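Student: My questions will all concern the structure given below.
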Amino acid sequence: MRVHQSIAAGPRGGVRGPFNALLRSPELADRVQKVGEYLRFNTSLPARLNELAILINARFWGSTYEWYAHRPLAFKGGLAESVAADLARNERPASMQPDEALVYDFCTALHTQHVVDDALFDRAVTLLGERGVMDLIAVSGYYTLVSMVLNVADIPLPAGARSPW
């Protein structure tokens with residue numbers, strides 16, 4: 001009950017998405033939601049890049065709920081709709097800004113190769129700083145957990161929402 005109230009009273013404004021499932025392990029839910037709160041609301045990454053990383057993750061994991069929840073936030077943060085449309089088709093976006101291309105390359109390497117090479121890492125540190133790189137890695141890891149929970153718990157899209165792919 002305490003954890004549910006803490007999540008509901010926090011910046012998310014409610015308990016939805018993965019959190020109803022995570023509450024089956026209240027201590028885990030509490031710890032996970034605190035990491036998520038940092039990565040959603042206090043990260044060093046600009047919202048456009050943070051949300052792009054989340055959409056890349058959602059597409060990689062096939063997490064329709066994660067995509068549904070974060071696509072509007074990506075647009076609000078300044079991500080072009082064409083970038084999201086290409087991601088939804090599982091294509092490398094054709095019209096990314098240079099910092100978006102870096103985030104795409106970095107996150108894609110993490111998901112597919114499980115590592116980034118030194119040149120990509122150095123480019124990321126130059127553009128995002130060391131804190132930004134750590135935040136980008138953490139966003140990828142956190143939203144992998146979220147996607148797994150959403151997918152295993154089979155959290156449905158809200159009534160009337162269509163799958164993006």
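Student: Looking only at region 60-84, which residues are of a type in the set (S, T, N, Q) and either part of a loop (DSSP other than H, G, I, E, B) or open to solvent by 40 Å² or more (accessible area, probe 1.4 Å) (or both)? Quick ask: steps written out before the conclusion?
Tutor: First, pick out the residues of region 60-84 that are of a type in the set (S, T, N, Q): 63-64, 82.
If the condition is that a residue be of a type in the set (S, T, N, Q) and either part of a loop (DSSP other than H, G, I, E, B) or open to solvent by 40 Å² or more (accessible area, probe 1.4 Å) (or both), then SER63, SER82 are the ones that fit.
Student: On to the next question. Do we have any residue at all in region 119-134 that's aromatic (Phe, Trp, Tyr), more than 30 Å from ALA21 (Cα to Cα) and assigned to a helix (DSSP H, G or I)?
Tutor: If we filter region 119-134 for residues that are aromatic (Phe, Trp, Tyr), which is where we start, we get 121.
Applying the additional criterion that residues be more than 30 Å from ALA21 (Cα to Cα) yields 121.
Okay, now just the ones that are also assigned to a helix (DSSP H, G or I), so 121.
Taking every residue of region 119-134 in turn, at least one turns out to be aromatic (Phe, Trp, Tyr), more than 30 Å from ALA21 (Cα to Cα) and assigned to a helix (DSSP H, G or I).
Student: Could you identify the single residue in VAL103, VAL125, VAL115 that is surrounded by 21 or more Cβ atoms within 10 Å (Cβ to Cβ) and in contact with a helix residue (DSSP H, G or I) (Cβ under 8 Å, 6 or more places away or on another chain)? Before the answer, list the steps.
Tutor: Values: VAL125 fails: surrounded by 21 or more Cβ atoms within 10 Å (Cβ to Cβ); VAL115 fails: surrounded by 21 or more Cβ atoms within 10 Å (Cβ to Cβ).
Result of the check over VAL103, VAL125, VAL115: VAL103.
Student: If you take the residues in region 7-59 that are among the polar types (S, T, N, Q) and exposed (fewer than 14 other Cβ atoms within 10 Å of the Cβ), which one is modelled with the lowest pLDDT? Break it down stepwise before answering.
Tutor: We begin by selecting, within region 7-59, every residue among the polar types (S, T, N, Q); these are 20, 25, 33, 42-44, 50, 57.
The next check asks that each one be exposed (fewer than 14 other Cβ atoms within 10 Å of the Cβ); those that pass are 25, 42.
Details: SER25: 81, ASN42: 95.
Across region 7-59, the extreme among qualifying residues is SER25.
Student: OK, next. Scanning for something at pLDDT 95 or above, farther than 26 Å from ARG131 by Cα and hydrophobic (A, V, I, L, M, F, W, C), does region 93-103 turn up at least one residue?
Tutor: Yes, region 93-103 contains a residue that is at pLDDT 95 or above, farther than 26 Å from ARG131 by Cα and hydrophobic (A, V, I, L, M, F, W, C).
Student: Does ARG89 satisfy the condition of being closer than 21 Å to VAL149 by Cα and open to solvent by 30 Å² or more (accessible area, probe 1.4 Å)? Break it down stepwise before answering.
Tutor: Details: closer than 21 Å to VAL149 by Cα: no; open to solvent by 30 Å² or more (accessible area, probe 1.4 Å): yes.
Considered against the rule, which asks whether it is closer than 21 Å to VAL149 by Cα and open to solvent by 30 Å² or more (accessible area, probe 1.4 Å), ARG89 comes out as no.
The values are calculated or read from the model by the stated rules, or taken from the named source; none is laboratory data. Source: prediction; values computed, not measured. Neighbour counts run over all protein chains shown; Cβ positions are idealised from the backbone, glycine included. Protein only, heavy atoms only, side chains kept; ligands, DNA and RNA dropped before computing areas. Shrake-Rupley method; radii C 1.70, N 1.55, O 1.52, S 1.80 Å.
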